[in-house]
Amino acid sequence: MADPTQVATQAAPAIPSDDAIARAAAFTREPFVLEGEDAATQLAPGTARRGALDAALAELEAGAKVPSVAWRQRWSLLLGLDRLLCQQEPKLADGTVLNAHQVDALSGTLTALLAEAVAPNGSRGAAVPDVPLASAGIPGEEELDEEDDEPEEPQDWDDETSAEEDDEQLPAAAEDPNAAKRFWFEHATGAGKTVAALGFVEGSRTGGTLILTHRRNLVDQFLGELRDRGYGKRISPPLVRGQDRADGLVTVETYQWFVRNAGNVSDAYTIVICDEAHTALGEKTSASIRNWHEPVFVGMTATGALIARHVTDLFPTQTSRFDLAQAARRGVIAPLRCVRIPPGVGVRSIAKVPLRRGEVDQDFDQEELAALLDQTPFNVAVADLYKTRFKDLPGVVYSAGVKHAHNVAKAFKELGIKAKAVSGETPKRELTRILSAYERGEVDVLVNAQLLAEGWNSPRATVCMHLAPTASKRVYQQRVGRVTRRTPGKEAGIIVDFVHPATPNDDPVVTLHSLLDRDVYRGGAIVVGPVRRGRGRRLRVERRVVPVTADPQRRAQVFERELWRIAVEHLSWGEQQAWAM
């Protein structure tokens, strides 16, 4: 009777020779055995690397000069992410080390690709190799001291409950065959979404990468990042069907271009990165994405949790979440302080309209809002407030409409503040000149009508003033994201909400406290993020607090916890009596 061990050994395919592995690595531009690894283990039958190696050797035997489109679509990104994440410190071509949350976005995608690759004929029985997950602290994150007189506001949410709610996703539609190859991640503005996106570029050396964004100026920003990070030689004009390259080309284009060329885009692109994924949810754009079955799609956004059910309808699998509060608490972005300035404008009677055609998200009608806000005494008072409270701090002011922006900027300039108004009507060359002057310090305040809510980033920006209130949490968070980037000398981003101090979180006007679901407002205090000792505060922090949660039980808990610090004069008459008792 034959020895079972001997029979199994004879049946198992032999590991290819070192020469064959080297030829396949040169052919695919990816190593199949990394430094310090055992070839017999990594290339064992049934593993993803062995499948990729056998397919590459077969193409070499057939006389192929470059990997086929089919090989690239299946194996290029998988091998590249595997290579990148096996490094002790995953990094880009220029040496930029990826942070923990950026690694999460890559590893989540790799895990799904591995599960698909090692399951022949749809079977899920094969073991998935271990994937390096983000466990180390954030590179460069410093130890932060707490100041005794100003702690961060108490945590008033249940992490486990929140996690369960965030993980709740809609099932993929039956008629959506490519749903399993579409992923998304949420990273707060300023936390490095672009660097995470370039991690996918680093992980695709033969397959092409197509980056889609919603504005032409963002195309230029991405191209600049690619050049700065060491990928300039891989930039390519867009390819259409019949055109092919297997050198890991990278193309950056707009969603409008993608929709116009739907069905005619080259299969050289094996991965498509959708910037600001919530802008890809329109009927034509989402249909074009659903109808292209071959590539892997990766959506990224800073505000996905606010419209998660709509994002997951197109991108079913979330690979990473690193929201505004998490990023601030870890020190990846600047802490956020908040000041409320009463009285707020009466906007409850203003109609709400969709932000864009076909969108569910709504905001106040901008024409009605402009008619209410654009009053000379109000504009002068705002300018005086800025000069008194914030002096020379650089900031961005959100107005209601183009005319209002120019009138506010005029009021600022009359008080000696270096301010400029910008809008969608500002010529591109002039806009570039103004934004450059802002970076150089020649302009301190940019007044705009929603132009700078997405796609504009300036680490210098410190004050975010919501002169025009918004009913959209997504718009509000995008505005706040303009002041979250860290830079030397910047102690915190300062958010100015034009509402009464006691405005509850269920008010139509979005505030920083309603966005983060915080229970109490304390003027000038850190709402989220660590307090850094030794950084000079420019705001007076009030000693007393005001309950702002709309939940009766949580308000009662605030009364018990903060009884002697509550600013009683801001409470309703009934709550003043309850406090007195």
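Structure notes:
- Qualifying residues in segment 238-265 (those that are over 19 Å from SER76 (Cβ atoms) and among the polar types (S, T, N, Q)) - the one surrounded by the fewest Cβ atoms within 10 Å (Cβ to Cβ): ASN264
- Conditions (1) at pLDDT below 95; (2) open to solvent by 40 Å² or more (accessible area, probe 1.4 Å); number of the one not met by ILE235: (1)
- Matching option when the condition is open to solvent by 10 Å² or more (accessible area, probe 1.4 Å) and under 19 Å from LEU373 (Cα atoms), among ALA449, ALA409: ALA449
- Filter result (over 16 Å from THR206 (Cα atoms) and not in a loop (DSSP other than H, G, I, E, B)) within segment 43-55: ALA48, ARG50, GLY51, ASP54
- Filtered by the rule that a residue be open to solvent by less than 40 Å² (accessible area, probe 1.4 Å), small (Gly, Ala, Ser) and within 17 Å of ARG340 (Cα to Cα), segment 361-406 gives ALA383, GLY395, SER399.
- Inside segment 416-438, residues that are surrounded by fewer than 14 Cβ atoms within 10 Å (Cβ to Cβ) and over 20 Å from PRO459 (Cα atoms) make up a count of 7.
- Of all residues in segment 449-468, those being part of a loop (DSSP other than H, G, I, E, B) and either aliphatic (A, V, I, L, M) or at pLDDT 90 or above (or both) number 9.
- Given (1) open to solvent by 20 Å² or more (accessible area, probe 1.4 Å); (2) of a type in the set (S, T, N, Q); (3) at pLDDT 90 or above, index of the condition GLN577 fails: (3)
- Meets criteria (among the acidic types (Asp, Glu), open to solvent by less than 50 Å² (accessible area, probe 1.4 Å) and part of a loop (DSSP other than H, G, I, E, B)) for GLU30: yes
- Restricting attention to segment 56-107, the residues that are open to solvent by 30 Å² or more (accessible area, probe 1.4 Å), out of contact with any strand residue (DSSP E or B) (no Cβ under 6 Å at 6 or more places or on another chain), assigned to a helix (DSSP H, G or I) and of a type in the set (D, E, K, R) add up to 3.
- Residue match in segment 488-508 (condition: out of contact with any strand residue (DSSP E or B) (no Cβ under 9 Å at 6 or more places or on another chain), free of Cβ contacts under 8 Å to residues at least 40 places away in the same chain and open to solvent by 50 Å² or more (accessible area, probe 1.4 Å)): yes
The values are calculated or read from the model by the stated rules, or taken from the named source; none is laboratory data. Keep in mind that what you see is a predicted model, and the values were worked out from it rather than measured. Please note: Cβ atoms are built from the backbone with ideal geometry, for glycine as well, and neighbour counts cover all protein chains shown. For the accessible areas, the whole protein counts, side chains as well, though only heavy atoms, and no ligand, DNA or RNA atoms are used. Shrake-Rupley method; radii C 1.70, N 1.55, O 1.52, S 1.80 Å.
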